[in-house]
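The values are calculated or read from the model by the stated rules, or taken from the named source; none is laboratory data. Note that the coordinates shown come from a computational prediction; the quantities given were computed from them, not determined experimentally. For neighbour counting, all protein chains shown are included, and Cβ atoms are generated from backbone atoms with ideal geometry for every residue, glycine included.
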């Protein structure tokens, strides 16, 4: 497998996870807080606790989801190709 295959695979996995995670965290926030998350947390009219809470919740959930999806894609790549992506070979052995 080529570097291009890995790039496409990891991008599709990460972006798909991003879309799903954003929807899940938005629904979760709405249920937990009783109102929709702020559309623009940078807006000074949004309270600091609400803006920080949304940034922490969405950032953590989306970040972990992207990480999990990319790791799953990497495992699939290694299983299919029989070796890790070329860009990883040096860093994995360290």
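Which of (1) touching a helix residue (DSSP H, G or I) at 6+ places or on another chain (Cβ under 7 Å); (2) without any contact (Cβ under 8 Å) to a residue 24 or more places away in the chain; (3) surrounded by 14 or more Cβ atoms within 10 Å (Cβ to Cβ) is the odd one out, the single condition residue 61 does not satisfy?
(2) is the only condition that residue 61 fails.
Quick check on segment 37-52: of everything there that is surrounded by 10 or more Cβ atoms within 10 Å (Cβ to Cβ) and either free of Cβ contacts under 8 Å to residues at least 12 places away in the same chain or closer than 19 Å to residue 74 by Cα (or both), which residue is nearest to the chain's Cα centre (by Cα)?
This residue is 52.
Just to be sure I understand the filter: pairs with C-beta atoms under 6 Å, separated by 6 or more residues or on different chains, first member in segment 1-27 and at positive phi and in a helix (DSSP H, G or I), second member surrounded by 13 or more Cβ atoms within 10 Å (Cβ to Cβ) and modelled with pLDDT under 95. Which pairs pass?
Close Cβ pairs satisfying both conditions: none exist.
So which residues in segment 77-90 are under 11 Å from residue 5 (Cβ atoms) and under 21 Å from the mean Cα position of the chain (by Cα), if there are any at all?
77, 85
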